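The structure appears below as structure tokens.
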Amino acid sequence: MSLFDTLPKTAAEARDWTWEQYAPYGEDLLARDLVGANLDAFMRDWAALENVISEVRSRASVATTLDTTDQAAEEYYLNFFKNIYPHVAKLDDKLSRVLIDSGLVPQDYVVPLRYVRTRVELFREENLPLITELQELGTQFDKIIGAQTVMWEGEEKTLAQMRPVFLNGSREEREKAFTLVKDRRLQDRQALNELWVKMFRIRQQIAKNAGVDNFLDYTWKDYGRLDYTPADVQQFHQAIEQVVVPAVERLNEKKKHKLDLQALKQWDTEAKDPNAPDLKPFTKGDELADVSARIFQQVDPELGGYFQTMRDEELLNLDNYKGKAPGGYCTGYSMVKRPFIFMNSVGLHDDVQTMLHEAGHAFHVFEAANWPYGGQQHAPIEFCEVASMSMELIAAPYLTKDQGGFYNEADAARARIEHLEGMLVFWPYMAVVDAFQQWAYTSGDAALDPDNCDAKWTELWHRFKKGVDYSGLEDWVATGWHRKLHIFSYPLYYIEYGIAQLGAAQVWANSLTDQAGALASYRKGLSMGNTGTLPQLFEAAGAKLSFDAETLGRMVDLIEKTIDELEETV
Ligand SMILES: [Zn+2]
């Protein structure tokens, strides 16, 4: 019997393990003299250890979101991060170095090894406390934003709670609400500027410690962006300016006429057609799961089977309830090789959209589960989001009742139009967020002056967000970067969604002419896990990793054409 046979067999068994119990396995691995003959055993044992710790961490994290009032769950999770995680990070770095120094390449590990190499290259122990400090500053951002409320109709409301007014309120209500929210946000202008400066300085230091020119280059490596460059992304920004910005202007023009307005103001941009009531696709999460199961069965029986497994094994937690954390996500349990989907469904179309999206992530977990090592299973985020965003589009034709879905034909068309318009509106906004940060982290010290940030954001906003009358809203425009969580807490993490959306649009386009072929390619791409480069993963899925106006323009044409067709049905 080998030492590794004594590892816990389930996450429940491992729940109370301390680092002292895990440590001997790490020492055993580090003591091995790595040669060709024992490479497989080394990789297998390393993966076994990693899988236990990873599933314990995932389940601990899930527990805190299922019940935010569960103090024991929160303590357990914090304890994991304090007492186990730092050891895991250091061990991972050491084992990665052993593997790289050996010069050996495990089977089907050429691509994952690139990421291991970059991780090792960038790792600096002196950056760990700086990263922790940034996380703490991130919680300050959450606190500032979380404390923002306004008085509306005699009641104190969080800014998120004001959203229905922007969707369904009268024009007068919308403008009033917008002004209230804007003024409340501007009260924190100074505080957010100061927070930004602190974070910016730390980020510059992190890059310097790692021997990299600037934080843009640092992050590029840190996120494992090995198959495209900042220059490619700048080309993407230009392509968006060229083909998406005019399309959104056309959308805004249409909206202006529909709402019968002289000028489209910011508070009109989300307003719904007053003659079209909110969609009510289902009441309980069980019903959402029932109907979704029928849809996935139609999309592809094998995928339908995966979804059934998730239902049978209770890997879905869909209904919103008191004490549940907000949002929706899909995570993976690495020992049992299963996904888990978390949502806050309340019976809206948004929930249907989230279900389709997260199911795409879940199918990715199933398809890639056969690879023996974690490094081979987890594709880069740019492709993970192709898996999820494609599913939203491929499943859309089955939203109608006669296909087993939720809606009559007119409602399904409305839902789909909203989704497709959302895709168009997203690209230019994404370009602003990304271009702003690319500028900031390559500006030397210019971005340390918030006035410069305001000016840059304003310039980008007017370049990419056209067709709205912003007169009188100069302060609101200039401080737009304060309203984006990612800029503070997840720097430079956003472009992934823009790239993935272009991939997903291509998978969808394929499905319109050849559903079976498109699905076969989609699943082929997913099943590669992380064993192909980004261009290879996209290609396997039937798409091209692209940043050019030609590919983007074709997809924009298809989206606009489809919207026009669907509008006939509404
Ligand atoms: Zn996603």
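Every number in this text was worked out from the coordinates using simple rules, so none of it is lab data. All values derive from a computational prediction rather than experimental measurement. We place every Cβ from the backbone using ideal geometry, glycine too, and count neighbours over all the protein chains shown.
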Rg [Å, one decimal], Dmax [Å, integer] - the stretch 479-570, C-alpha atoms: 16.1, 47
To the nearest 0.05, how large is the calculated FRET efficiency for Leu3 and Val336 if R₀ is 30 Å and r is the Cβ-Cβ distance? 0.85
Roughly speaking, what is the stretch gain from Lys94 to Ala369, that is 0.36 nm per residue apart minus the C-alpha to C-alpha distance, in nm to one decimal? 96.4 nm
Taking H as built 1.01 Å from N, whose amide H comes closer than 5 Å to the amide H of Thr68, not counting residues under 5 places away? Lys324, Ala325
For Val477, Val150, which order do you get if you count the other beta carbons within 10 Å of each Cβ and list the fewest first? Val477, Val150
Run the Debye formula on the Cα coordinates of the stretch 246-336, all scatterers equal and no solvent, and tell me log10 I(q)/I(0) at q = 0.15, 0.22, 0.26 1/Å. -0.84, -1.07, -1.34
Whole-Hz couplings from phi, Karplus 6.51/-1.76/1.60, listed for the stretch 397-410; x for Gly and Pro: x, 9, 6, 7, 4, 5, 9, x, x, 9, 10, 6, 5, 5
Restricting the stretch 382-445 to chymotrypsin sites (Phe, Trp or Tyr not before Pro) in coil, as DSSP defines it, with at most 14 other Cβ within 10 Å: none
How large, in Å, is the stretch 118-219 by the Kirkwood hydrodynamic radius built from its alpha-carbon pairs? 16.4
What one gets for the stretch 198-317 as the Kirkwood radius, inverse of mean 1/r over different Cα pairs in Å, is 20.4
May I ask for log10 I(q)/I(0) of the stretch 357-426 at q = 0.15 Å⁻¹, from a Debye sum over the Cα atoms as equal point scatterers with solvent left out? -0.60
With contacts defined as alpha carbon pairs under 8 Å and 6 or more residues apart, what's the relative contact order of the stretch 428-570 in percent? 20
What percentages, rounded to whole numbers, describe P(r) for the stretch 323-377 computed over all alpha carbon pairs with 10 Å bin width beginning at zero? 23, 45, 24, 8
Toward the positive end of the charge dipole of the chain, about the Cα centre and with charges on Cβ (Lys, Arg +1; Asp, Glu -1), which of Met389, Tyr441, Leu95 goes farthest? Tyr441
One quarter of the convex hull surface, Cα atoms only: what value does that give for the stretch 54-114 in nm²? 5.3
The stretch 17-128, Cα convex hull volume normalised per residue, Å³: 120
For Ser345, the residues 5 or more places away or on another chain with a placed amide H closer than 5 Å to its own amide H are Asp319, Asn320
Using the Karplus curve 6.51 cos²θ - 1.76 cosθ + 1.60 with θ = phi - 60°, work out ³J(HN,Hα) for each residue of the stretch 525-539 in order, rounded to whole Hz, and write x for Gly and Pro. x, 5, 6, 6, x, 10, 9, x, 5, 4, x, 5, 5, 4, 4
For the stretch 88-137, the convex hull over Cα atoms projects on average to an area in nm² of 4.1
So what are the ³J(HN,Hα) numbers for the stretch 385-393, from phi and the Karplus equation (6.51, -1.76, 1.60; θ = phi - 60°), rounded to whole Hz, Gly and Pro as x? 6, 5, 4, 7, 5, 4, 4, 4, 7
Charge tally for neighbours of Asn370 with beta carbon under 12 Å away, counting Lys, Arg as +1 and Asp, Glu as -1, is -1
For the stretch 166-234, radius of gyration divided by Kirkwood radius, i.e. Rg to Rh on alpha-carbons: 1.26
No solvent, one uniform scatterer per C-alpha: report log10 I(q)/I(0) for the chain via the Debye equation at q = 0.05, 0.06, 0.13 1/Å, two decimals. -0.22, -0.32, -1.72
Could you tell me the largest-minus-smallest coordinate of the C-alpha atoms of the stretch 288-431 on each of the three principal axes, in descending order and whole angstroms? 46, 39, 36
Averaging over every viewing direction, what projected area does the convex hull of the Cα atoms of the stretch 428-503 cover, in nm²? 5.3
Please express the Cα-Cα pair-distance distribution P(r) of the stretch 379-536 as a list of whole percents, one per 5 Å bin, running from 0 to the bin with the greatest distance. 1, 8, 14, 16, 15, 13, 12, 10, 6, 4, 1, 0
